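Novice: Could you have a look at this structure, given as structure tokens, before my questions?
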Amino acid sequence: MSELQSQLVALVSSVIPVVLVFTNLDYTQRGSFGKKKAGLKLTYRHKSVKSSLLRNVIKFLP
């Protein structure tokens, strides 16, 4: 495999699923496990899946 292929495999098999899981947690349960444990609350002006997804994409950029 080339370097590009291995990077794509890593992206599809680890990064994208993690982003989707955290997006789901942020949107449906108002934050991840760590935020709940720390007592933090996640608030949005306009709650949407798009804003949760954008927040998590930025958070998990390498």
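No lab work stands behind these numbers, since they all come straight from the coordinates. Keep in mind that this is a model prediction, so the values were computed, not measured. Counting neighbours? That spans all protein chains shown, and the Cβs are built from the backbone with ideal geometry, glycine included.
Novice: Have a look at SER32, VAL18, LEU42 and report the one farthest towards the positive end of the charge dipole of the chain, computed about the Cα centre with Cβ charges (Lys/Arg +1, Asp/Glu -1).
Specialist: Going by the charge dipole, the pick is LEU42.
Novice: If you average the sequence gap of Cα pairs under 8 Å that are 6 or more apart and divide by the length of the chain, what percent do you get for the contact order? Numbers along the way, then the final one.
Specialist: Numbers: 30 pairs, mean separation 22.1, N = 62.
Result for the chain is 36 percent.
Novice: Which of the trypsin sites (Lys or Arg not before Pro) across the chain are loop residues per DSSP, with 11 or fewer other Cβ within 10 Å? Working shown, then result.
Specialist: Values: sites: ARG30, LYS35, LYS36, LYS37, LYS41, ARG45, LYS47, LYS50, ARG55, LYS59; in loops: ARG30, LYS41, ARG45, LYS47.
Hits after loop and neighbour filter: LYS41, ARG45.
Novice: Go through the range 13-19 residue by residue and turn each phi into a ³J(HN,Hα) via Karplus (6.51, -1.76, 1.60, θ = phi - 60°); whole Hz please, and just put x for glycine and proline.
Specialist: So the Karplus estimates, Gly and Pro as x, are 8, 10, 6, 4, x, 5, 4 Hz.
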